[in-house]
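Q: One structure, pasted below without further comment.
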Amino acid sequence: MKDFNALKDLWKGQTDEPKMNYEDLLKDVGKSNRSLSNKILLETLVMLAGIILFIWIWHHFSFLMWTTHVSLAILISCCLYYVTVEFLDYKSLSRSDQVLQKPDEYVHYLKEYSRSRHRFNTQNYLIYSLFIGLAICLYSIEVYYVSPLWQTILAAVFTIGWFLVCWKLMIGYRKREQERLDDMITNLEKLKNQFH
Amino acid sequence: MTHKETLFGDIFKANSKKIYHLCYGYTGDDDAANDLMQETFMKVWQNLDKFRNQAMISTWIYRIAVNTCLSWLRVEKRQAKDPLTNDIIENSIEEFSDKNEQVDKLYKCIAQLEEHERLIITMVLDELPYAEIAEISGVSEGNLRVKIHRIKNKLTEIYNRYERF
């Protein structure tokens with residue numbers, strides 16, 4: 001039989017050491033910051049290239065239908081939306097004040113953050129995909145008037161296919177995300193209750 | 001080496017062992033403890049400029065470590081509760097010296113506690129003053145004393161129950 005003081009002596013006598021030193025840690029800090037910044041930068045550059053390409057197409061080609069102009073405006077808006085969200089997310093990740101909050105307040109922040117990410121990955125992504133689908137639909141009207149029938153059919157099949165794939169993927173994704181979120185919220189609720 | 005790096009080095013040397021114990025006590029897993037400790041000190045580095053005229057830097061670091069541990073449960077979706085079976089104990093006997101085996105068993109017993117109990121008891125075992133534990137965990141000192149008394153009894157009971165094996 002041991003009392004708590006005996007457990008404390010045992011604890012003090014432990015020889016396990018952390019497997020890292022601060023020089024390695026500083027190297028990892030640099031690497032991790034660079035890899036996140038590089039990822040965000042690459043995604044932003046790809047989207048900016050997309051925006052420039054759409055603007056170039058808009059200016060260099062003359063379109064017959066007003067629907068094509070709307071289509072291009074939607075595509076550019078979608079790219080801008082993506083870049084903005086990426087930027088805000090990066091800003092929120094680099095602002096780590098929350099980690100200094102009291103644990104129960106921090107758990108509350110984690111819960112809200114999880115919910116907002118879930119909303120973004122499901123609802124907002126669905127709307128984003130629908131807008132891209134709508135832009136393709138609007139563009140296919142121009143294709144219908146200026147291109148041979150087979151190209152119009154191809155565009156229509158592609159658009160319908162786009163919608164079906166997005167719809168199918170989204171159902172599975174939403175289900176998985178919901179289960180993950182429910183699990184996470186249950187755990188976070190449990191943690192939050194422990195601090196009261 | 002910059003002033004910030006030198007300061008960080010000193011902070012790391014003074015606190016890393018205790019933070020490692022806290023993370024190990026929370027996760028019950030050596031690799032996860034190292035990962036969490038690394039994440040904690042990365043956050044310490046990122047927030048070092050914000051630390052101004054506060055009473056104790058260790059309190060501040062512990063707060064970051066506690067919050068990092070709490071988000072581990074969310075991100076990894078893992079439970080550290082590893083049932084202490086005869087099998088685990090037999091393996092432990094083969095793998096570790098008697099002293100290490102007892103420490104290992106103690107960690108496994110800590111893993112049987114609730115998450116917040118694990119965090120509090122590792123700080124108690126590391127002999128942090130109650131006022132500091134209260135500040136880190138955000139629990140009032142009066143309430144904390146009651147909690148600590150209960151957790152000490154619970155841990156001792158779990159340990160003694162399994163010491164027979």
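The values are calculated or read from the model by the stated rules, or taken from the named source; none is laboratory data. All figures in this text were calculated on a predicted structure; none of them were measured in a lab. Note: ideal-geometry Cβ built from the backbone for every residue, glycine included; neighbour counts use all protein chains shown. Accessible surface is based on the protein model in full, side chains and every heavy atom, while ligands, DNA and RNA are left aside. Shrake-Rupley method; radii C 1.70, N 1.55, O 1.52, S 1.80 Å.
Q: Taking each residue of A:2-15 in turn, how many C-beta atoms of other protein chains fall within 10 Å of its C-beta, and what is the average?
A: Values: counts 6, 4, 10, 2, 4, 12, 6, 0, 7, 13, 4, 4, 11, 4.
Neighbouring Cβ atoms belonging to other protein chains average 6 per residue here.
Q: Between A:G50, A:G13, A:G161, where does the largest GNM mean-square fluctuation fall for chain A, given springs only between Cα atoms within less than 10 Å?
A: Judging by the Gaussian network model, the answer is A:G13.
Q: If you don't mind, there's one more thing I want to ask. Ignoring any ligand, DNA or RNA, what whole percent of the accessible area of segment A:22-194 comes from carbon and sulfur when the probe is 1.4 angstrom?
A: Carbon and sulfur atoms account for 68 percent of the accessible area of segment A:22-194.
Q: So for the protein assembly as shown, considering every pair of alpha-carbon atoms, how many percent are separated by more than 31 Å?
A: On the way: 32526 of 64980 pairs.
Percent of Cα pairs beyond 31 Å in the protein assembly as shown: 50.
Q: Nearest 100 Å² is fine: what is the total accessible surface buried where chains A and B meet, probe 1.4 Å? Could the numbers behind the result be given before it?
A: Details: alone 15070 and 9780 Å², together 19700 Å².
Using a 1.4 Å probe on protein heavy atoms, the buried area is about 5100 Å².
Q: So what's segment B:1-58 giving for Cα Rg divided by 2.2 N^0.38 Å, two decimals? Don't skip to the answer; put the middle values down first.
A: Numbers: Rg = 12.2 Å, N = 58, 2.2 N^0.38 = 10.3 Å.
Relative to the 2.2 N^0.38 Å estimate, segment B:1-58 comes out at 1.19.
Q: Considering only DSSP states other than H, G, I, E and B, which GluC sites (Glu not before Pro) in segment B:98-165 qualify as loop sites with at most 15 other Cβ atoms within 10 Å? Numbers along the way, then the final one.
A: Details: sites: B:E101, B:E114, B:E115, B:E117, B:E127, B:E132, B:E135, B:E141, B:E157, B:E163; in loops: B:E114, B:E127.
Hits after loop and neighbour filter: B:E114, B:E127.
Q: I would also like to ask the following. Kirkwood hydrodynamic radius, computed over distinct alpha-carbon pairs, for segment A:22-194: how many Å, to one decimal? Walk me through the intermediate numbers first.
A: Working: mean 1/r = 0.0511 Å⁻¹.
Roughly 19.6 Å, rounded to one decimal.
Q: Enter the angle in degrees (range 0 to 90, nearest 10) between the Cα long axis of helix A:149-194 and the first principal axis of the Cα atoms of chain A, meaning the one along which they spread out most.
A: So the helix axis and the longest Cα principal axis differ by about 20 degrees.
Q: Here's another thing I want to ask about it. Could you work out, residue by residue across B:39-49, how many beta carbons of other chains sit within 10 Å of that residue's beta carbon, and then give the average as an integer? Before the final figure, lay out each step's value.
A: Working: counts 3, 1, 7, 7, 4, 3, 7, 6, 4, 0, 0.
So the per-residue partner count for this stretch is 4.
Q: While we're here: Counting partner chain Cβ atoms within 10 Å of every residue's Cβ in A:102-109, what's the average?
A: Numbers: counts 8, 12, 5, 2, 8, 6, 0, 2.
Average neighbour count from other chains, rounded to a whole number: 5.
Q: Using alpha carbons only, how many degrees (0 to 90, rounded to 10) separate the axis of helix A:22-60 from the longest principal axis of chain A?
A: Long axis of A:22-60 versus the principal axis of chain A: about 10 degrees.
Q: Right, another one. Among A:D97, A:D24, A:D16, which one shows the biggest mean-square fluctuation in a GNM of chain A, springs joining Cα atoms closer than 10 Å?
A: In the Gaussian network model the winner is A:D16.
Q: At a Förster distance of 45 Å, what's the computed FRET efficiency of B:E163 paired with B:E141, Cβ-Cβ distance as r, to 0.05?
A: Values: r = 32 Å, r/R0 = 0.71.
It comes out at approximately 0.90.
Q: Right, another one. Cut-off under 12 Å on the C-alpha distance; same-chain residues fewer than 8 positions from B:K4 excluded. Which aspartates and glutamates are left, in chain and number order?
A: B:D49
Q: Could you sort out which of A:K8/B:K108; A:K27/A:K91; A:K19/A:K111; A:K27/B:K43; A:K190/B:K13 sit more than 24 Å apart by Cα distance in this structure? Can you show the working numbers first?
A: Working: A:K8/B:K108 15 Å; A:K27/A:K91 22 Å; A:K19/A:K111 32 Å; A:K27/B:K43 14 Å; A:K190/B:K13 34 Å.
Listed pairs above 24 Å: A:K19/A:K111; A:K190/B:K13.
Q: Continuing with this model, one more query. How much area per residue is accessible in chain A when the probe is 1.4 Å and only protein heavy atoms are counted (Å²)? Provide the component values of the computation, followed by the final result.
A: Numbers: 12370 Å² over 196 residues.
Computed with neighbouring chains in place, this is 63 Å² per residue.
Q: For segment A:142-173 and segment A:81-134, what is the separation of their C-alpha centers, rounded to whole Å?
A: When both Cα centres are located, 30 Å separates them.
Q: Still on this model: What angle do you read, to the nearest 10 degrees and between 0 and 90, between the alpha-carbon axis of helix A:66-94 and the longest principal axis of chain A?
A: Rounded to the nearest ten degrees, it is 10.
Q: Taking 22 Å as R0, compute the FRET efficiency from the Cβ-Cβ separation of A:A156 and A:M65 and round it to 0.05.
A: On the way: r = 16 Å, r/R0 = 0.71.
The formula returns an efficiency of 0.90 here.
Q: Then there is this: B:K152: which aspartates and glutamates have alpha carbons under 15 Å from its alpha carbon, excluding same-chain residues fewer than 8 sequence positions away?
A: A:D3, A:D9, B:E114, B:E115, B:E117, B:D126, B:E127
Q: Modelled label-to-label distance, A:Q123 and B:E132, 7 Å Cα→beta-carbon offset: nm?
A: That separation, rounded to one decimal, is 4.5 nm.
Q: Run lengths n ≥ 4 of DSSP H only: what is the helix-derived mean residue ellipticity at 222 nm for chain A, with -39500 (n - 2.57) per run over all residues, to the nearest 500? Walk me through the intermediate numbers first.
A: Numbers: 6 runs with 162 residues, N = 196.
For chain A, the value works out to -29500 deg cm²/dmol.
Q: Oh, and also: Please compute the contact order of segment A:22-194 in relative form: average sequence separation of alpha-carbon pairs under 8 Å and at least six residues apart, divided by the residue count, as a percent. Don't skip to the answer; put the middle values down first.
A: Values: 92 pairs, mean separation 47.5, N = 173.
After rounding, I find 27 percent.
Q: Still on this model: Counting only protein heavy atoms and using a 1.4 Å probe, what share of the accessible area of segment B:1-65 belongs to carbon plus sulfur, as a whole percent?
A: On the way: 1410 of 2810 Å².
The C+S portion of the solvent-accessible surface of segment B:1-65 is 50 percent.
Q: Can you tell me the length gained on complete extension of the stretch A:A49 to A:T186, counting 0.36 nm per residue apart and subtracting the Cα distance?
A: So the extension gain works out to 45.1 nm.
Q: Here is a further query. So, by mean Cβ neighbours within 10 angstrom, what's the order for A:124-134, B:24-34 with the highest one leading? It would help to have the intermediate numbers written out before the result.
A: On the way: A:124-134: 15.7, B:24-34: 20.6.
Output ranking for A:124-134, B:24-34: B:24-34, A:124-134.
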